[in-house]
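The block underneath contains the structure these notes are about, expressed in structure tokens.
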Amino acid sequence: MTSDSVNWEAVRADFPILHQEVRGNPLIYFDSAASSQKPRQVIDALTRYYEHDNANVHRGLHELSSRATDAFEAARNKVAKFLNAASADEIIFTRGTTEGINLVAQAYGTRYVKEGDAILLTEMEHHSNLVPWQLLAERTGASLRFVPVLEDGTLDLSKLPELLTPEVKIFSFTHISNSLGTVNPVADLCRAARAVGAISVVDAAQSAGHLPVDVQALGCDFLALSGHKMCAPTGIGALYGRAEVLEKTPPYHGGGEMIVSVSLHKSTYKEAPHRFEAGTPNIAGAVGLGAAVDYLESIGRQNIAAHDGELVRYAQQRMEADVPGIRIIGPRDRSGLVGFVMESAHPHDLTTYADRYGLALRGGHHCNQPLMKKFKLPGTSRASFYFYNTKEEIDRMITILQEAARFFS
Ligand code: C6P
């Protein structure tokens with residue numbers, strides 16, 4: 001697969017923030033797995049919304065309120081199409097992946113998970129897909145199980161039959177590991193979950209903006225994403241929930257907007273998705289997410305995936321060939337990020353060194369403490385790429401890493 005049909009230079013020009021110097025050097029932003037940059041089109045959509053349409057949604061009977069409501073619901077439709085959900089009613093706006101997973105754990109989990117049940121996770125989960133389930137297990141008396149990670153950074157699926165038994169009520173796993181870059185076989189895992197009567201929850205924080213994600217083809221029950229990792233603003237995300245499962249999920253937060261009627265002792269609730277969106281939502285954020293979805297669609301996620309793939313293969317090959325003392329952590333076949341350690345330097349020191357040259361890497365445990373422990377690492381340095389990055393930037397990173405290798409040896 002190639003991405004030759006896209007003018008990547010023109011795409012890069014859409015991102016104003018990339019065209020600056022940091023500490024006297026051209027910025028090299030290789031931290032998009034933490035948070036992506038935003039194109040002019042998204043920034044303009046936010047400005048337009050605030051300059052022309054801003055009001056509260058679903059409440060007012062005035063023109064601006066109905067425009068804001070239309071913009072908010074149009075964004076929901078765009079996200080639904082982006083994920084190929086059967087209906088926009090299956091899309092709940094959240095603050096991000098973390099809130100989406102907490103919503104499932106608290107609302108669905110508290111109702112349907114009991115003592116003696118099990119929740120299946122994997123050893124490569126981000127803390128956002130671990131701690132909410134620990135809290136649920138503490139509340140309910142359920143146990144946690146983990147699909148092991150092999151030395152090469154992939155899941156040990158040979159263990160699935162003994163782990164995914166009928167006691168498992170929820171199987172929650174990441175699509176792409178934010179430390180290893182591993183891409184998990186989501187459709188197979190969802191099918192396996194369904195075969196034992198468990199629901200599947202997919203953490204799509206690292207995948208939604210990078211690969212085509214089709215919730216119907218994947219066969220998942222829930223899928224959580226973060227807008228800020230896919231060109232949208234911070235503080236907005238989406239949770240997809242399959243209609244049949246959402247229908248039987250009780251509310252998460254209580255408050256305005258999610259009710260049909262309220263008396264002093266009892267309330268009745270709206271249908272999904274509004275039942276799960278108490279209070280004034282992040283309307284501008286949703287508008288920004290809608291604009292980000294339009295932007296990503298205009299490039300094409302196949303093209304984005306192909307371009308990410310080219311960058312990551314090039315980076316791996318150059319790091320292995322040209323930088324002494326570097327060990328890449330994770331499988332060869334990976335999404336657009338490379339976690340690595342340099343024998344002579346702690347990841348924090350290496351990342352701070354890189355920053356001196358305007359190179360933004362991330363260093364640390366990446367909210368994957370159990371995984372780092374398993375690999376006996378204090379953490380890693382991570383270069384994560386997005387479609388606005390270039391091979392020339394990778395070449396500059398290699399020079400900086402070569403100098404770092406000399407500096408720390
Ligand atoms: N990872 C990183 O790797 P929020 O903070 O809710 O937008 O996303 C949480 C989250 C959940 N799952 C995965 C796989 C993730 O990678 C992340 C966020 C960032 O740099 C921050 S630790």
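The values are calculated or read from the model by the stated rules, or taken from the named source; none is laboratory data. None of these values were measured; they are calculated from a predicted model. Quick reminder, even Gly has a Cβ in these numbers, built from the backbone with ideal geometry, and neighbours come from all protein chains shown. Accessible surface is based on the protein model in full, side chains and every heavy atom, while ligands, DNA and RNA are left aside. Shrake-Rupley method; radii C 1.70, N 1.55, O 1.52, S 1.80 Å.
Quick notes on this structure:
- Flag for Y353 being away from the ligand (no atom under 16 Å from the Cβ) and of a type in the set (F, W, Y): yes
- Note on region 227-247: residues that are within 11 Å of the ligand (Cβ to nearest atom) and over 25 Å from K169 (Cβ atoms) amount to 8.
- Complete set of residues in region 90-133 that are on the phi < 0 side of the Ramachandran plot, open to solvent by 30 Å² or more (accessible area, probe 1.4 Å), of a type outside the set (D, E) and more than 13 Å from the ligand (Cβ to nearest atom): Q106, T110, R111, Y112, K114
- Pair list, Cβ under 6 Å, 6 or more apart: region 198-209 residue within 13 Å of R301 (Cα to Cα), other residue assigned to a strand (DSSP E or B) and open to solvent by less than 10 Å² (accessible area, probe 1.4 Å): S207/I176; A208/L225
- Flag for L150 being surrounded by 21 or more Cβ atoms within 10 Å (Cβ to Cβ) and assigned by TED's automatic domain parsing to the domain that holds V202: no
- Test for Q41: is it surrounded by fewer than 21 Cβ atoms within 10 Å (Cβ to Cβ) and either within 28 Å of C367 (Cα to Cα) or among the hydrophobic types (A, V, I, L, M, F, W, C) (or both): no
- Strands (runs of 3 or more DSSP E) within region 292-409 that include 2 or more residues in contact (Cβ under 8 Å) with a residue 60 or more places away in the chain and either touching a His at 6+ places or on another chain (Cβ under 7 Å) or open to solvent by less than 10 Å² (accessible area, probe 1.4 Å) (or both): 337-342, 380-384
- Number of the exception - L163 against (1) at positive phi; (2) more than 16 Å from the ligand (Cβ to nearest atom): (1)
- Just so you know, in region 214-226 the residues that are among the aliphatic types (A, V, I, L, M) and open to solvent by 10 Å² or more (accessible area, probe 1.4 Å) include one that is farthest from the ligand (Cβ to nearest atom), and it is A217.
- Pairing residues of region 2-27 that are in contact (Cβ under 8 Å) with a residue 24 or more places away in the chain with residues that are of a type outside the set (S, T, Y) and exposed (fewer than 10 other Cβ atoms within 10 Å of the Cβ), at Cβ distances under 7 Å and at least 6 apart in sequence or on separate chains, gives L27/E21.
- Total residues in region 44-65, condition surrounded by 20 or more Cβ atoms within 10 Å (Cβ to Cβ) and among the hydrophobic types (A, V, I, L, M, F, W, C): 2
- Where A187 falls short, out of the listed (1) in a helix (DSSP H, G or I); (2) closer than 21 Å to V293 by Cβ: (2)
Quick grid of which residues meet (1) among the hydrophobic types (A, V, I, L, M, F, W, C); (2) more than 30 Å from Y112 (Cα to Cα):
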position	(1), (2)
M258	yes, no
H274	no, no
A284	yes, yes
G290	no, yes
G300	no, yes
